[in-house]
Amino acid sequence: MKEAFTATSFDAPEIKARVQRQTLSGMIAMGVSLGVLVAISSMPWWADQGLIRSVVEISCYVAVAQMWNLLAGYSGLVSVGQQAFIGVAAYAMFVLAQLWGLNPFLAVLLCLLAPAVLAVPTYGLLHRLDGPYFAIGTWVVAEVMRLATSTFGYVNAGAGMSLRVMTSYSAEQRAIGVSLLTALMLLVTVGGSFLLLRSRYGLALVALRDSPVAAASQGVNVGRLRFLVWISAAVGTGFAGAIYFMAHLRITPPAAYDPKWANVAIFIVMVGGLGSLEGVLIGTLIYFFADRWFGQFGAAYLVVLGLLTLFMALFARGGVWGLICRVVDAPWFPTRRTLLEDRP
């Protein structure tokens with residue numbers, strides 16, 4: 001997209017300038033992204049069940065990490081309790097499908113009302129907190145939701161629930177539904193974030209990331225913008241949770257509200273690159289393959305991941321993507337505006 005500007009003066013020739021936001025690397029990445037979405041949507045016709053489950057898992061990690069990236073990388077809201085929205089959305093989907101008899105694939109979309117509703121009062125409670133106090137507050141909310149669900153008999157309390165209604169669908173039908181929902185989730189979370197960052201709200205988010213005080217002085221409604229990002233991140237995170245547990249066909253409070261979700265999101269974003277869409281994709285691949293290859297080492301493996309996150313936070317704040325950008329300037333998802341001058 002190009003926007004034209006004209007500047008004139010009494011003693012100087014007319015100068016035309018244009019704002020360029022798209023790049024060759026961005027156009028290539030856009031084509032690749034569309035191909036990936038098509039490939040995910042068509043998985044039931046060419047992939048086995050094991051590969052489909054792996055792709056769904058990777059996609060859920062991408063979505064959760066990108067939502068956390070929006071919060072911490074742009075809004076300055078560092079949350080360690082995003083698993084609250086994963087759990088409430090997943091349980092709402094199980095209730096709608098298993099207990100109320102709704103079509104499970106439609107239930108995945110309707111259950112997104114649950115994290116949106118939960119996000120409103122939680123933000124009202126937490127928005128006055130700052131820094132580590134806000135982070136601790138989000139963890140407390142997640143723990144409260146876990147304890148409440150563990151004692152709620154309607155959802156079978158701590159014993160969890162099984163999505164037995166899915167047995168009424170064939171394996172091919174389940175694969176088609178999950179694949180299409182996964183592609184839609186990536187389109188909403190990653191594609192939606194890209195469009196948001198390219199809009200005027202994206203400019204406001206960048207200003208907010210750099211300095212909330214300066215952004216407010218320039219007319220940015222910091223409180224409202226943070227609230228909208230908080231709601232959006234809750235819905236996107238819940239979307240990933242609903243799809244993840246639909247694919248697993250079973251849910252329990254410890255799994256739904258597992259702090260691992262926050263840990264994974266933090267690792268992916270910090271290692272891949274805070275404040276960048278590209279970093280989320282790179283960090284997700286690093287985490288997924290590291291978990292597959294080295295997860296057998298248990299606690300030692302987790303210590304290594306923690307040390308790697310700490311190293312990146314101290315010595316490479318831009319993550320792997322930041323290191324790549326030092327060598328080559330070829331963004332996959334260009335969001336910045338470049339002013340180009342055209343002289344007659």
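The values are calculated or read from the model by the stated rules, or taken from the named source; none is laboratory data. In this text the structure is predicted, and so the values were computed from the model without any measurement. FYI the Cβ positions are ideal-geometry reconstructions off the backbone, even for glycines, and counts take in every protein chain you see. Areas reflect the complete protein model, heavy atoms only, side chains present, ligands, DNA and RNA absent. Shrake-Rupley method; radii C 1.70, N 1.55, O 1.52, S 1.80 Å.
Overview of results
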read-out	value
Potential extension, R224-T151 segment - 0.36 nm per residue separation minus Cα distance	22.8 nm
Rounded to the nearest 10 Å², the accessible area of C111 at probe 1.4 Å	0 Å²
Unit charges on C-beta of K, R, D, E only; dipole of the chain, Debye	220 debye
For the chain, with +1 on Lys and Arg beta carbons and -1 on Asp and Glu, the positive-most of P334, L112, L195 along the dipole	L112
Percentage relative contact order, the chain, counting C-alpha pairs under 8 Å, at least six apart	32 percent
In Å², nearest 10: area of F288 left accessible to a 1.4 Å probe	10 Å²
Packing-based order for 311-323, 61-73, 241-253, using average beta carbon neighbours within 10 Å, highest first	61-73, 241-253, 311-323
1.4 Å probe accessible area per residue over the chain, in Å²	49 Å²
Listed residues S193, S75, S150, most fluctuating in the chain (Gaussian network, C-alpha, under 10 Å)	S150
Length-normalised contact order for the range 204-328 - Cα pairs under 8 Å, 6+ apart - percent	20 percent
L51/L195 FRET efficiency (R0 25 Å; Cβ-Cβ; nearest 0.05)	0.30
Residue-level accessible surface for D258, protein heavy atoms, 1.4 Å, Å²	50 Å²
Carbon/sulfur fraction of accessible area - the chain, other protein chains in place, 1.4 Å, %	68 percent
